[in-house]
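**Student:** Attaching a single structure in structure tokens format; questions to follow.
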Amino acid sequence: MNEPSHNLTAPSIADVFRERARRLAWLRADPQRLIDIKAFYRRNPAQFIDDWGVTVDPRNAEKKLPTVIPFNLFPIQRDWIDFVLACWRNSESGLIEKSRDMGVSWLAMALSCTLCLFESGIQIGFGSAKEDKVDRSGDPSTLFYKGRMFMSYLPREFRGDWDIKKHSAHMRLMFPASDSAITGEAGDNIGRGGRAAIYFVDEAAHIERPLLIEASLSATTNCRIDMSSVNGSANPFAEKRHGGKVKVLTMHWRADPRKNDAWYAKKCAELDPVVVAAELDLNYSASQEGIIVPSQWVQAAVDAHLKLKIKPTGVKYSTFDVADRGVDKCAWGYRHGIVHRFSKSWSGKDGDVYASTEECFLQCDTFGITTMGYDADGMGAPVRGDARKINEARAARRVKPINVQEFRGSAAVMFPEHKVRGPDGTPLDRTNEDFFANYKAQSWWALRFRFQQTWRALQGMPYDPDDIISLDATNPELTRLQMELSQPIYKMNLAGKMLVDKLPDGALSPNLADQVMMEFAPRQTAMVISDAALAGA
């Protein structure tokens, strides 16, 4: 059962209900107020849910807590409502990937009931893999239980003549005042009913025979909303998620104010690592072998420098991963010492590499960075020439140039005779040139080592502060970056050397993750001799 959509304490719950009673008395004092507020709520369904909606959690009784809880929408839940409404109004389909317990089932039913109250003649459909997930008498985990409870606890001014006994049947809620309805279907029957303005496919990644419902739903609705936790990459939900043709909303647990690192650590202790990676961290490759950076290590690295009380020092260095067509995105970001501070991505479609290079120079100037690496293989090849032209223009304006450096993943390994480091930092038997097929594989393995050292440090093991990595929690693209970092897997070629597969089962290129990999890649550093050293020579 999804947790209710609130983060309220018992005293504050009582305060919310008292405030609702005050507002209700104010509405009843003047009939025109009710007319005006209904017109407002028709345009703003999220506010109606937040002002008057409730969730019900029977489990709270055993904890001596209220079982009826007012909605207290947090930002990602409002984003969810806006996302669904935009898809509906634009006759588009959408996909929502979610961590478990984000309150999405309650949201879906609350929004559906709200639309049916305020819109005339609207039909909304729900489908799930099993019928007992859609509706079963008295089962609080089912979708239609949530709809019935939402309606039952609304004030009569909004509920009208709706009666749970008269207007509720198995997998059906009727709204006679508006001639609207919500219907449910399950399994292979999904989409077999009549047309729907919106059709929610709940836990879409877990449908047993998803291809059977594709044609049915295409004829049933112009707005299909697939909602699901992650269930690997070998299913239509994952294919849609990575296909670039459907609008996507990500609801990651870090966007939920009820959850923090302590909550995550508790879940990691309770659940299988594959379940944690898939259902919490949204890792589509969770069940695949050879993941380079496990998702638990990535999650642990968020603000690791603060947890370990390390002050960031050292170089500021930025990198640019290039994309100029299709659904892949360009990615730029920078590190300050061991801390990856900032990421930015943008579409290269219908643009050119020159414009994207200009954008990178702008970001460098914004953050005071004078050096930028870039992926010089493939689509990144033009960056050097473009950067030279931009620097010439800067020189004409007496603006300091940006030092641009190539990163070639296809190149030979760095430090070929050095031994590969093991988990505890000690050398293994194999050298870099014996273990890695190319510089890209070596760089991804170096990034893995940093995340591994960070994980060990947070477990209280000895570590070198310069060997770890920290992901700044304020990074605006942190959630997407975290998911991408655990996407690449490693394989061995016929010579027994390590290769990196960034696109397992047709996933999109992890451009944000590649950008971070380049930031922390092994590099030859120039020898710097200080004036003081020369004076003393």
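The values are calculated or read from the model by the stated rules, or taken from the named source; none is laboratory data. Only a predicted model underlies this, so the values are computations on that prediction, with no experimental measurement involved. All Cβ positions, even for glycine, are placed from backbone atoms using ideal geometry, and neighbour counts span all protein chains on display.
**Student:** Take ARG172 and decide whether it is over 22 Å from CYS223 (Cα atoms) and surrounded by fewer than 23 Cβ atoms within 10 Å (Cβ to Cβ).
**Tutor:** No: the conditions fail for ARG172.
**Student:** If you go through the stretch 148-193, how many residues are within 17 Å of GLU119 (Cα to Cα) and of a type in the set (D, E, K, R)?
**Tutor:** Qualifying residue count, the stretch 148-193: 4.
**Student:** Can you tell me how many residues within the stretch 270-314 are farther than 30 Å from HIS336 by Cβ and of a type in the set (A, V, I, L, M)?
**Tutor:** 5
**Student:** If you don't mind, there's one more thing I want to ask. Among the residues of the stretch 195-215, write down those that are among the charged types (D, E, K, R) and closer than 20 Å to VAL230 by Cβ.
**Tutor:** Selection gives ASP202, GLU203, GLU208, ARG209, GLU214.
**Student:** Take ILE190 and decide whether it is touching a strand residue (DSSP E or B) at 6+ places or on another chain (Cβ under 6 Å), closer than 19 Å to ALA46 by Cβ, surrounded by 14 or more Cβ atoms within 10 Å (Cβ to Cβ) and in contact (Cβ under 8 Å) with a residue 40 or more places away in the chain.
**Tutor:** no
**Student:** Looking at the stretch 206-221, which of its residues are outside any helix (DSSP H, G or I) and surrounded by 12 or more Cβ atoms within 10 Å (Cβ to Cβ)?
**Tutor:** ILE207, THR221
**Student:** Moving on. Of the residues in the stretch 156-211, how many are within 30 Å of PRO31 (Cα to Cα) and among the hydrophobic types (A, V, I, L, M, F, W, C)?
**Tutor:** 9
**Student:** Out of all the residues in the stretch 372-387, which are among the charged types (D, E, K, R) and under 15 Å from SER509 (Cβ atoms)?
**Tutor:** Scanning the stretch 372-387 gives ASP375, ASP377.
**Student:** Right, here's the next one. I need the full set of residues from the stretch 364-378 which are in contact (Cβ under 8 Å) with a residue 40 or more places away in the chain and surrounded by 18 or more Cβ atoms within 10 Å (Cβ to Cβ), in order please.
**Tutor:** Across the stretch 364-378, the qualifying residues are CYS364, ILE369, MET372, GLY373, TYR374, ASP375.
**Student:** If you check SER216 against the conditions, is it touching a residue at least 24 places away in the same chain (Cβ under 8 Å) and either within 30 Å of ARG33 (Cβ to Cβ) or touching a helix residue (DSSP H, G or I) at 6+ places or on another chain (Cβ under 7 Å) (or both)?
**Tutor:** Against the criterion (touching a residue at least 24 places away in the same chain (Cβ under 8 Å) and either within 30 Å of ARG33 (Cβ to Cβ) or touching a helix residue (DSSP H, G or I) at 6+ places or on another chain (Cβ under 7 Å) (or both)), SER216 does not qualify.
**Student:** Would you point out the residue of the stretch 461-495, among those that are hydroxyl-bearing (Ser, Thr, Tyr) and over 15 Å from ASP303 (Cα atoms), that is farthest from the chain's Cα centre (by Cα)?
**Tutor:** TYR463
**Student:** Check the stretch 428-445 and report whether any residue there is β-branched (Val, Ile, Thr), at pLDDT below 95, under 20 Å from ARG523 (Cα atoms) and out of contact with any Gly (no Cβ under 7 Å at 6 or more places or on another chain).
**Tutor:** The answer is yes, given that some residue of the stretch 428-445 is β-branched (Val, Ile, Thr), at pLDDT below 95, under 20 Å from ARG523 (Cα atoms) and out of contact with any Gly (no Cβ under 7 Å at 6 or more places or on another chain).
**Student:** Quick check on this structure: which one of LEU65, LEU24, LEU111 is closer than 26 Å to ARG195 by Cβ and in the same structural domain as ARG224 (by TED's automatic domain parsing)?
**Tutor:** LEU111
**Student:** Are any of the residues in the stretch 245-252 touching a Gly at 6+ places or on another chain (Cβ under 9 Å), surrounded by fewer than 21 Cβ atoms within 10 Å (Cβ to Cβ) and part of a loop (DSSP other than H, G, I, E, B)?
**Tutor:** yes
**Student:** Still on this structure: For the stretch 228-238, state whether one or more residues are touching a strand residue (DSSP E or B) at 6+ places or on another chain (Cβ under 8 Å), touching a residue at least 40 places away in the same chain (Cβ under 8 Å), assigned to a loop (DSSP other than H, G, I, E, B) and within 30 Å of GLU185 (Cβ to Cβ).
**Tutor:** yes
**Student:** For the stretch 359-408, give me the residue count where each residue is closer than 28 Å to TRP444 by Cβ and among the charged types (D, E, K, R).
**Tutor:** Total meeting the criteria: 7.
**Student:** Can you tell me how many residues in the stretch 126-161 are small (Gly, Ala, Ser) and either surrounded by fewer than 19 Cβ atoms within 10 Å (Cβ to Cβ) or at pLDDT 95 or above (or both)?
**Tutor:** Counting residues in the stretch 126-161 that are small (Gly, Ala, Ser) and either surrounded by fewer than 19 Cβ atoms within 10 Å (Cβ to Cβ) or at pLDDT 95 or above (or both) gives 6.
Quick grid of which residues meet (1) closer than 30 Å to ASP226 by Cα; (2) modelled with pLDDT under 95; (3) in contact with a helix residue (DSSP H, G or I) (Cβ under 7 Å, 6 or more places away or on another chain):
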site: SER12; (1), (2), (3): no, yes, no
site: ASP15; (1), (2), (3): no, yes, no
site: ARG43; (1), (2), (3): yes, no, no
site: ALA46; (1), (2), (3): yes, no, yes
site: THR55; (1), (2), (3): yes, yes, yes
site: ILE69; (1), (2), (3): yes, yes, yes
site: LEU111; (1), (2), (3): yes, no, yes
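**Student:** Also, quick follow-up: For the stretch 27-45, give me each residue that is closer than 20 Å to ASP82 by Cα, in contact (Cβ under 8 Å) with a residue 40 or more places away in the chain and either of a type outside the set (Phe, Trp, Tyr) or not assigned by TED's automatic domain parsing to the domain that holds TYR153 (or both).
**Tutor:** LYS38, ARG42, PRO45
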